[in-house]
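Q: Pasting a structure here, questions to come.
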Amino acid sequence: MNTPDRNKVVGKPLNRVDGYLKVTGGARYSAEFPVAKLAYGVTIQSAIAKGKITQIDPKAAERLPGVLAVITHLNAPKAFGDKGGGRKLQVLQDNIVLYSGQHIGIVVADTFEQAMHAASLVQVRYEEEKPTINMRENLSKAYIPKGKIPRNEPPDASVGNVTQGLASAAVRVEQTYTTPVENHNAMEPHATTAVWQGDQLLLYDATQGVFPAQQKVAGVLGIEPKNVRVMSYYVGGGFGGKGSAWSHVPLAAIASRQVKRPVKLVLGRIQMYGSVGFRPETIQQVTLGATREGKLTALRHAGTSQTSTFDEFIEPVGKSARMMYACANIETSHRLVQLDQGTPTFMRAPGEASGSFALESAMDELAYKLKIDPVELRLRNYAEVDPSKGLPWSSKSLRECYKVGAERFGWQKRNPTPRSMRDGNYLIGWGMATATHPTYRSPASAIAQIMADGTAVIRTGSQDIGTGTYTVMTQVAAEAIGIPVEKIRIELGDTNLPETPVSGGSQTAASVGSSVHLAGTEARSKLMQLALADQKSPLYGSNAEDVIAENGSLFLKNKSSATETYGAILGRHKLKMIEARADAKPGEEKDKYSMHSFGAQFAEVRVNPDSGEVRVTRWVGSFGVGRLLNAKTANSQLVGGIVYGIGMALMEHTVIDPNLGRVVNRDLAEYHVPVNADVTAIEVLFVDEHDPHVNPLGIKGIGEIGITGVAAAIANAVYHATGKRVRDLPITLDKLL
Ligand code: MOS
């Protein structure tokens with residue numbers, strides 16, 4: 001069967017199908033579901049970073065009108081542990097304080113105001129111990145992680161012999177780069193509304209993964225996952241912070257069961273600095289050895305990051321060094337230091353964002369040492385195969401990215417000498433860096449239903465974390481089924497729907513898109529078989545290859561009279577609908593190919609020589625990311641990633657009090673992120689890339705690659721402008737004076 005070009009909507013810059021609902025307030029977020037008899041929960045958080053609660057007095061709170069319960073470790077029900085993956089949680093099981101911001105109690109009341117007031121009256125006394133807060137002062141305690149980094153790779157890996165490679169090098173760069181703690185700062189706060197119906201728990205949760213949240217909460221409560229339903233229709237930003245269920249999610253369920261009423265628990269902005277993860281601080285040593293001609297002879301990337309005392313999260317900063325450049329001798333390692341802080345977590349391109357700052361800054365330093373253009377240096381070390389695995393790429397358009405990006409930016413006009421370019425009093429700098437992100441895919445299921453009224457419904461668990469899943473899945477379904485996008489309805493964000501993975505690792509489009517594509521194609525094929533075998537159909541007895549699906553009708557390629565609508569076929573068979581389910585999963589391609597997306601970031605900065613203030617004034621990012629599902633949402637993802645990278649480079653820095661372990665700048669007034677005035681015109685170019693191997697649609701993820709390389713491109717541009725190499729993010733003005 002064929003799909004005529006007129007049906008081709010995949011790739012088109014369709015407006016968001018949920019856009020109208022979002023701008024009119026019709027899109028319901030997790031804290032916005034009207035639930036009868038709703039009560040409000042507010043958590044009490046630890047004011048110290050380490051020690052024991054010696055006394056916690058709920059009496060004053062309990063006496064307030066409207067207060068339904070004050071739950072602390074003294075009266076909390078037993079929890080059943082940390083099955084179901086994700087981070088280890090604290091759900092009021094003992095008096096031990098592990099980090100500042102740990103939830104140590106929850107107050108439930110008739111109104112939010114009563115709960116807030118009551119929570120403020122709970123008296124807590126602690127026996128305080130001196131916490132370990134500063135990673136840099138505790139590097140002697142660094143250890144080799146027990147866990148793996150993504151793709152099940154060991155924390156330490158090497159090919160060749162870096163010591164020998166360095167011995168044979170004519171030029172070396174050996175530098176240390178650091179990145180601070182950063183917080184996700186999604187606009188929508190973490191929020192959970194818990195509703196018990198008998199022994200069935202319904203959670204409206206702001207999450208990037210309804211299924212992982214279901215598993216986690218069921219594990220903590222000691223109930224069957226099938227008794228927990230998690231719904232998440234809209235998410236106002238996740239960035240990894242909502243990629244796993246945190247302690248407040250089961251706490252909402254526990255509180256609701258206790259007071260026998262639905263409970264809504266919304267974390268305050270301040271409460272989200274510490275209790276729901278963050279990007280960990282990193283210290284990274286990069287050592288490069290190269291010949292005079294700029295061929296790498298050795299590459300070593302050694303990273304240390306923080307984790308908590310009770311759980312392990314590895315920021316995999318060395319991951320891209322394993323595959324980025326052709327080099328016979330590569331060594332990468334990851335070390336962890338336990339601190340008395342919450343467990344860090346994924347934050348947009350975990351590993352690649354922080355790691356590329358170090359690696360791509362070091363490459364720039366090497367380019368200067370060798371007096372080779374930074375783009376040219378990268379081309380001289382272009383990896384034609386994955387240098388660690390020896391595998392071919394499923395596709396790679398990086399050479400093209402460098403070329404079109406450099407052309408568009410005007411890179412050839414760059415005078416490489418630092419401080420050589422000026423605009424009046426301002427110093428102008430041009431810098432570049434390579435971007436990369438792995439292409440992940442997980443098993444995902446979907447059901448496609450073609451209805452007798454000519455519409456179609458797609459049902460798939462998944463979730464739209466603001467990235468456009470509703471929209472792009474509509475496009476995939478419309479094309480697979482052969483009906484217009486207006487006739488497609490997507491149901492997602494519900495564990496009652498077919499299972500899908502967490503929306504993390506930029507994998508949703510590839511994973512869920514594959515299943516929607518297969519289910520839609522199968523449903524259309526079933527419908528066609530029905531027509532071909534039906535004597536009353538004008539298509540009866542035709543060859544499947546001669547049938548075309550278009551605009552909700554089937555017809556013969558050569559005889560336009562032989563046509564009938566999907567509705568007519570279903571109606572004659574007295575069917576309300578025809579449906580197909582697809583359980584799509586990655587196959588052997590993942591062992592045969594190394595699968596990554598690539599890009600090139602070109603930045604222009606303007607530095608005020610008197611104040612040290614850095615402004616990004618121009619940006620060109622060029623990317624090879626496989627097939628685009630929607631040119632508009634794709635552009636938004638890449639632009640958003642670059643903006644996030646500008647924040648990382650110039651502003652973002654979670655400041656932690658060295659004694660109390662508490663975040664000092666815990667609001668959006670003092671934790672700086674870019675605003676419109678900080679962001680110039682960002683131009684994103686897509687290189688046409690057809691990847692026949694990654695998945696049925698040739699999709700590579702685009703949620704994270706945009707941020708990678710950005711901080712390095714800016715740091716490199718700042719060096720070009722000022723002659724100062726800043727190796728410690730963020731590049732604030734004090735570091736340039
Ligand atoms: Mo992303 S940091 O994998 O949600």
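The values are calculated or read from the model by the stated rules, or taken from the named source; none is laboratory data. Quick caveat, the model's predicted, so the values are computed rather than measured. Heads up, the Cβs are rebuilt from the backbone with ideal geometry, glycines too, and the neighbour counts pull from every protein chain shown. The accessibility values were calculated without ligands, DNA or RNA, using every heavy atom of the protein model including side chains. Shrake-Rupley method; radii C 1.70, N 1.55, O 1.52, S 1.80 Å.
Q: Mind checking the alpha-carbon convex hull of the stretch 419-524 and giving the volume per residue in Å³?
A: Enclosed volume per residue, from the Cα hull, is 151 Å³.
Q: Can you give me the convex hull volume of the Cα atoms of the chain, divided per residue and expressed in Å³?
A: 163 Å³
Q: Leaving out ligands and nucleic acids, and using a 1.4 Å probe, what accessible area per residue does the chain come to in Å²?
A: Values: 27800 Å² over 737 residues.
Each residue of the chain exposes 38 Å² on average to a 1.4 Å probe.
Q: Would you pull out the residues with amide H under 5 Å of LEU68's amide H, same chain only if 5 or more places away, H placed 1.01 Å from N?
A: Hits under the 5 Å cutoff: VAL108, ALA109, ASP110.
Q: Something else: For the stretch 570-729, taking Cα atoms only, what is the radius of gyration to one decimal and the Dmax to the nearest whole Å?
A: 21.8, 80
Q: Apply the Karplus parameterisation 6.51 cos²θ - 1.76 cosθ + 1.60, with θ equal to phi minus 60°, to every residue of the stretch 616-624 and state each ³J(HN,Hα) to the nearest whole Hz, in sequence, with x for glycine and proline.
A: With the stated coefficients, the stretch 616-624 comes to 7, 10, 7, 8, 10, x, 10, 9, x Hz.
Q: Something else about it: Sorted by accessible area (1.4 Å probe), largest first, how do TRP196, TRP619 line up?
A: TRP196, TRP619
Q: Rank these residues by their accessible area, most exposed first, probe 1.4 Å: ILE483, ILE223.
A: Sorted descending by solvent-accessible area, the residues read ILE223, ILE483.
Q: Using mean Cβ contacts within 10 Å as the protection proxy, how do 199-212, 539-552 order, highest first?
A: The most tightly packed comes first, giving 199-212, 539-552.
Q: May I pose another question? For the stretch 362-415, run through the GluC sites (Glu not before Pro) and keep only the ones in DSSP coil with at most 16 other Cβ atoms within 10 Å of their Cβ.
A: GLU384
Q: Same structure, new question: With every protein chain kept in the model, how would you rank LEU532, LEU737, LEU638 by accessible area, 1.4 Å probe, largest at the top?
A: Ranking LEU532, LEU737, LEU638 by accessible area, largest first, yields LEU737, LEU532, LEU638.
Q: Could you state how much accessible area ARG399 has, in square angstrom rounded to the nearest 10, with a 1.4 Å probe and all protein chains kept in place?
A: Accessible area of ARG399: about 110 Å².
Q: I would also like to ask the following. I'd like the trypsin sites (Lys or Arg not before Pro) in the stretch 103-157 restricted to DSSP loop residues with at most 16 other Cβ atoms within 10 Å, sorted by number.
A: LYS146, LYS148, ARG151
Q: Are there trypsin sites (Lys or Arg not before Pro) in the stretch 162-259 that DSSP marks as loop and that have at most 15 other Cβ atoms within 10 Å, and which are they?
A: Loop-located and lightly packed - none at all.
Q: Would you kindly find the accessible area of TYR719, with a 1.4 Å probe and non-protein molecules such as ligands, DNA and RNA excluded, rounding to the nearest 10 Å²?
A: Here the residue's solvent-accessible area equals roughly 40 Å².
Q: Heavy-atom accessible area of GLU579 with all protein chains present, probe 1.4 Å, nearest 10 Å²?
A: The accessible area of GLU579 comes to roughly 80 Å².
Q: Now, a different point. Name the helices (complete DSSP H segments) of the chain with a Cα length along the long axis of 24 Å or more and a Kyte-Doolittle mean of at least -1.0, or state none.
A: Flagged H segments are 352-370, 508-532, 631-650.
Q: Rounded to the nearest 500, what is the 222 nm mean residue ellipticity of the chain from helices alone, with -39500 (n - 2.57) per DSSP H run of 4+ residues and division by all residues?
A: Helix-only estimate at 222 nm: -7000 deg cm²/dmol.
Q: Right, something else. I need the peptides 605-613, 494-502 ranked by packing, meaning the mean over residues of other C-beta atoms within 10 angstrom, with the highest value on top.
A: Ranked by mean Cβ neighbours within 10 Å, highest first: 494-502, 605-613.
Q: Step by step: find N for the stretch 673-737, compute 2.2 N^0.38 Å, then divide the Cα radius of gyration by it. What's the final number?
A: Dividing the Cα Rg of the stretch 673-737 by 2.2 N^0.38 Å gives 1.57.
Q: Sticking with this one: If the viscosity is 1.567 mPa s and the temperature 4 °C, what Stokes-Einstein diffusion coefficient in µm²/s follows for the stretch 631-719 when Rh is the Kirkwood radius over Cα pairs?
A: Rounded, D is 84 µm²/s.
Q: Whole number please: convex hull volume per residue of the Cα set in the stretch 581-648, in Å³?
A: 143 Å³
Q: Could you look at the chain and say what percent of its accessible area is carbon and sulfur, using a 1.4 Å probe and all protein chains?
A: Result for the chain: 51 percent of the exposed heavy-atom area is carbon or sulfur.
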